[in-house]
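First the structure, which I've put down as structure tokens, then a few questions once you've had a look.
FYI, it's all coordinate maths here, none of it is from the lab. Bear in mind that the values here come from a model prediction, so they are computed numbers and not experimental data. Please note: Cβ atoms are built from the backbone with ideal geometry, for glycine as well, and neighbour counts cover all protein chains shown.
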Amino acid sequence: MEKSDVLTFAGRRFRSRLIVGTGKYPDYLSMQRAHDASGAEIVTVAVRRVNLDRTQESLLDYIDTKRYTLLPNTAGCYTAEEAIKTAILAREVGLSDLVKLEVIGDQRTLFPDNEELLKATRVLVKEGFVVLPYTNDDPVMAKKLEDAGAGAVMPLGAPIGSGLGIRNPYNIKIILETARVPVIVDAGVGTASDAAIAMELGCDGVLMNTGIAGAKDPVAMAEAMRHAVLAGRLAYLAGRIPKKLYATASSPLEGMIE
Amino acid sequence: MELILNGKKREVTDGASLTALLNELNINPLRVAVQLNLEIVKRERYNETVLKPGDRLEIITFMAGGAE
């Protein structure tokens, strides 16, 4: 693999194509170890009221901001307005001008409300944010988000936390064919092969949280995901053999023993 | 004086500045964003921002989490 195979968006370069989250870990220490094992360089965080009970530990004590790029998300937002307000507050903290834009349309599936998502993307792009929108696998939507100035498009593999993997690789492949910004699968990854499959399709990266944090051994799973993303990327760049209905023998027919 | 901090009533020193309040709460100003009565307060103005009774203050930071 060339040394120049890096993930780039909005003028930033990253060696790791795996983006991880901070939610649902048993504790901050295992989160920190999992981040380390994953090799990730970008970590998503939620934007919330500060905990006034000072006996509680603080998340940022466990994330070295010199090592990791923070990617604030707008989790919990159901309207463009809420998401925009959250993104603006997140930027005010002064640690990141990236935003993982989530505008949720339904509480059970946590599928995006694409109409509100597009609205919010346009506003935030104008405000100078690097917007990474969490969307579904609709190529038409992906193009609209790209045209609206998104720094990448992030189609879901399956519902958040469902672990169902890449449910519609065909649509994601179509998105990959026409996208001129990075395509990062976000949501639904359950185990290593899911991440590898996303990368083998040609995706530029994979974002996951529950797949690692919810595993029995998050640190081990983080390491597995690191390998999976690397393997999938290498396999994609290596150019796989075509799928055939019938066998083609690998050994020559001459010189057979009679 | 009483103001509303992160949705809850709270007693703070009369005439306290935002900086003083953050200090009192042991909050690192470099890790938060502050909204006072629905307007964002720029960090360089924390020191000169004096709180008044009934002010609605939101102190926001990054927490663990994603989809909720």
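Calculate one ³J(HN,Hα) per residue across the range A:237-244 by plugging θ = phi - 60° into the Karplus curve 6.51 cos²θ - 1.76 cosθ + 1.60, and present them in order as whole Hz with x for glycine and proline.
My calculation for the range A:237-244 gives 5, 6, x, 5, 6, x, 7, 10 Hz in order.
Counting Lys +1, Arg +1, Asp -1, Glu -1, what net charge surrounds residue A:72 among other residues with beta carbon under 13 Å of its beta carbon?
Values: positive: A:48, A:85, A:91, A:100, B:31; negative: A:92, A:97, A:102.
Around residue A:72, the surrounding residues sum to +2.
Next question, about the same structure. Calculated from DSSP H runs of 4 or more alone, at -39500 (n - 2.57) each and per residue, what is the 222 nm mean residue ellipticity of chain A, nearest 500?
Details: 8 runs with 91 residues, N = 258.
That comes out to -11000 deg cm²/dmol.
Expected output is a single nm value to one decimal: the length gained when fully extending between residue A:170 and residue A:234, i.e. 0.36 nm times separation in residues minus the C-alpha distance. What is it? Before the final figure, lay out the partial values.
Working: separation 64, 0.36 × 64 = 23.04 nm, distance 2.03 nm.
This chain segment gains 21.0 nm when fully extended.
Eigenvalues of the Cα gyration tensor times 5, then square-rooted: what semi-axes does that give for the protein assembly as shown, in whole angstrom, largest first? Don't skip to the answer; put the middle values down first.
Details: eigenvalues 375, 85, 51 Å².
Over the Cα atoms of the protein assembly as shown, the ellipsoid semi-axes are 43, 21, 16 Å.
For residue A:114, what charge total do you get from the other residues with a beta carbon under 9 Å from its beta carbon, if Lys and Arg give +1 and Asp and Glu give -1?
Working: positive: A:144; negative: A:113, A:115, A:116, A:138.
Around residue A:114, the charge tally is -3.
Taking chain A as the reference, fit the longest principal axis to its C-alpha atoms, fit the long axis of helix A:80-92 to the helix C-alpha atoms, and give the angle between the two in degrees, 0 to 90, nearest 10.
Relative to chain A, helix A:80-92 is tipped by roughly 80 degrees.
While we're looking at this one, here's another question. Taking amide H positions as placed 1.01 Å from N in the peptide plane, with prolines and chain starts having none, which residues 5 or more places from residue A:101, or on another chain, fall under 5 Å of its amide H?
Here A:132, A:134 satisfy the definition.
Follow-up question, since we're still on this one. I want to check the label-to-label distance for residue A:180 and residue A:36. Put each point 7 Å from Cα in the C-beta direction and report it in nm to one decimal.
Result for the modelled spin labels: 4.3 nm.
Please list, in order along the range A:17-23, the HN-Hα scalar couplings obtained from phi with the Karplus expression 6.51 cos²θ - 1.76 cosθ + 1.60 (θ = phi - 60°), rounded to whole Hz, x for Gly and Pro.
These are the phi-based 3J(HN,Hα) values: 9, 10, 10, 10, x, 10, x Hz.
Given a Förster distance of 35 Å, report the FRET efficiency between residue B:17 and residue A:6 from their Cβ-Cβ distance, rounded to the nearest 0.05. Could you put the intermediate results ahead of the total?
Numbers: r = 45 Å, r/R0 = 1.29.
My answer for the efficiency is 0.20.
What distance in nm lies between label points placed 7 Å from Cα along the C-beta direction at residue A:66 and residue A:258?
It works out to 7.6 nm between the two label points.
Helix A:114-126 sits at what angle to the longest principal axis of chain A, using alpha carbons and giving 0 to 90 degrees rounded to 10?
Taking Cα atoms only, the helix is inclined about 70 degrees.
Further, regarding this structure: On a 0 to 90 degree scale, rounded to 10, what angle separates helix A:169-178 from the longest Cα axis of chain A?
The angle comes out near 80 degrees.
Let me ask something else about it. Any chance you could list the semi-axes, whole Å, largest first, of the equivalent ellipsoid that the Cα gyration tensor gives for the range A:14-169, using √(5λ)? Mind dumping the intermediate values first?
Working: eigenvalues 125, 69, 49 Å².
Its equivalent ellipsoid spans semi-axes of 25, 19, 16 Å.
Return the whole-Å distance between the Cα centroid of the range B:10-62 and the Cα centroid of the range A:203-247.
45
Turning to a different aspect of this structure: Grab the other residues whose beta carbon is less than 12 angstrom from that of residue A:152, score K and R as +1, D and E as -1, and report the net. Before the final figure, lay out each step's value.
Working: positive: A:12, A:17, A:100, A:180; negative: A:146, A:186, A:204.
Charge balance near residue A:152 sits at +1.
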